Amino acid sequence: MALFPGRVQINEQDLVDQRRERILWREVAAPVLAELRVTDPDTRVWWVPGALCRLPLHAATAAQDAAEPVAGGTGLPESLVDRTVSSYTPTVTTLHHARARGAAPDRARAAVVYADAHRPGLPELPAARREVRVAADRFGLEPLDLAACERAVLLDALTTCTHLPLALHAVADHDDPGNSRFLLPDLDLTFAEIAVKRGGWGRLAYLSACESAHSPRHLADEAIHLTSAFLLVGFSGVIGTLWRVPDAAAEATARGFYEALDDVCGEPALALARTARRAREHYGGAPAAWAAHHHVGI
């Protein structure tokens, strides 16, 4: 069971988030669930959000007086994360290409990458060191610290690894999304530099980095962000974040995710959904605290 950091205070932004998630429930989630007649909470649903890609559709939540509390006696109103396993894809064609590529190599090759150097202007990430240790132990290897090795190691891992967990600072460039980038100790790694890579057969990239799935408002339906760059490289599934995530919350989500993988036969979308359900029970009415991570691809 993941241990999530202390409960958050409900501030004005959280209240805005709650109103937004209720609108998403009424206008998007509830009609789709009714049409699909979904009854199994582990049913997989792929969303092609288009201009809604900035929004966490999986966090769509009914108004308190519009639904019974969810199973388990949490006292929380019904949410899409409790009803389905949500994945996202920029386009139907992207999903088709991912499925058409065939299976990744049977033998897993993993690299767990982080940066343990303090960079002026950026907060340190002590929880990231613990997070990458959890991932590295799962794959039976030592994490790679980009402060102690060349960035070429990460570039090589993009096309040679089946599993690639990252724990790095990142920033979305709102004016030029092609310049959205991971903040490395020496030279940053941009969307454009990643996206030109081809030929990978990765199964999963876990991007524990802020705003790795964030699109600028004026290009919301273009899906130009770090998460989509990994799809272009050849990863069939990518986990990214829609906004900035506190270090401790990112660590707890990663721990919960890797624990859940063992219970779901290695299915990342299902593992992430189960982690989000537990986090929602902890954080209650603050989707900003539990809904940032989402799964893209197959």
I need the calculated FRET efficiency for the pair ALA63 and VAL264, taking r as the beta carbon distance and R₀ as 25 Å, to the nearest 0.05.
0.25
Please state the shape class of segment 145-203: rounded when a/c is under 1.5, otherwise prolate if a/b exceeds b/c and oblate if not, all from the C-alpha gyration tensor.
oblate
Rounded to whole Hz and in sequence order, give me ³J(HN,Hα) for segment 261-267 from the Karplus expression 6.51 cos²θ - 1.76 cosθ + 1.60, θ = phi - 60°, writing x for Gly and Pro.
4, 5, 8, 10, 6, x, 7
Post the alpha-carbon centroid distance, segment 148-185 to segment 89-145, in whole angstrom.
10
Would you mind getting me the FRET efficiency between ARG198 and ASP176? Use the beta-carbon distance for r and R0 = 25 Å, nearest 0.05.
0.65
Probe 1.4 Å - accessible area at ASP156, Å² to nearest ten
80
Quick one: Debye curve from the alpha-carbon atoms of segment 147-283 only, equal weights, vacuum; give me log10 I(q)/I(0) at q = 0.14 Å⁻¹ to two decimals.
-0.65
For the chain, which span is the longest to avoid every loop-located (per DSSP) member of GluC sites (Glu not before Pro) having at most 16 other Cβ atoms inside 10 Å?
1-123
Residue by residue, what Karplus-based ³J(HN,Hα) values in Hz, rounded to whole numbers, does segment 79-94 have, using 6.51, -1.76 and 1.60 with θ = phi - 60° and x for Gly and Pro?
10, 4, 5, 7, 9, 8, 9, 8, 10, 10, 8, x, 8, 5, 4, 4
For a quick check: with amide H placed at 1.01 Å from N, whose amide H comes under 5 Å from ARG244's, ignoring anything fewer than 5 positions away on the same chain?
GLU211
Accessible surface of the chain [probe 1.4 Å, protein heavy atoms]: carbon and sulfur percent
53
Given a 1.4 angstrom probe, what's the average accessible area per residue across the chain, in square angstrom?
46
5 Å is the cut-off here: which amide hydrogens, built 1.01 Å from N in the peptide plane, fall below it relative to HIS169, excluding neighbours closer than 5 in sequence?
LEU183
Looking at the chain, send over the antiparallel percent of its DSSP beta bridges, to the nearest 5.
40
With DNA, RNA and ligands ignored, accessible area of HIS169 (1.4 Å probe; Å², nearest 10):
40
Go through segment 180-185 residue by residue and turn each phi into a ³J(HN,Hα) via Karplus (6.51, -1.76, 1.60, θ = phi - 60°); whole Hz please, and just put x for glycine and proline.
4, 7, 7, 8, 8, x
Measuring from the longest principal axis of the C-alpha atoms of the chain, the long axis of helix 12-24 (C-alpha) lies at a number of degrees, nearest 10, equal to 70
Three-way shape label, segment 112-170, alpha-carbon gyration tensor, a/c 1.5
oblate
Rounded to the nearest 10 degrees, what's the angle between the helix 268-283 long axis and the longest principal axis of the chain, both from Cα atoms, 0 to 90?
60
Quick one: how many Å² of THR94 are accessible to a 1.4 Å probe, rounded to 10?
50
By how many degrees, between 0 and 90 and to the nearest 10, does the Cα long axis of helix 126-139 differ from the longest principal axis of the chain?
80
Using 0.36 nm times the number of residues separating GLU124 and ARG54, minus their current alpha carbon distance, what extension gain do you get?
22.5 nm
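The values are calculated or read from the model by the stated rules, or taken from the named source; none is laboratory data. On a predicted model such as this, the values are computed, not experimentally measured, just so you know. Please note: Cβ atoms are built from the backbone with ideal geometry, for glycine as well, and neighbour counts cover all protein chains shown. These area figures cover heavy atoms from the full protein model, side chains too; ligands, DNA and RNA do not enter into them. Shrake-Rupley method; radii C 1.70, N 1.55, O 1.52, S 1.80 Å.
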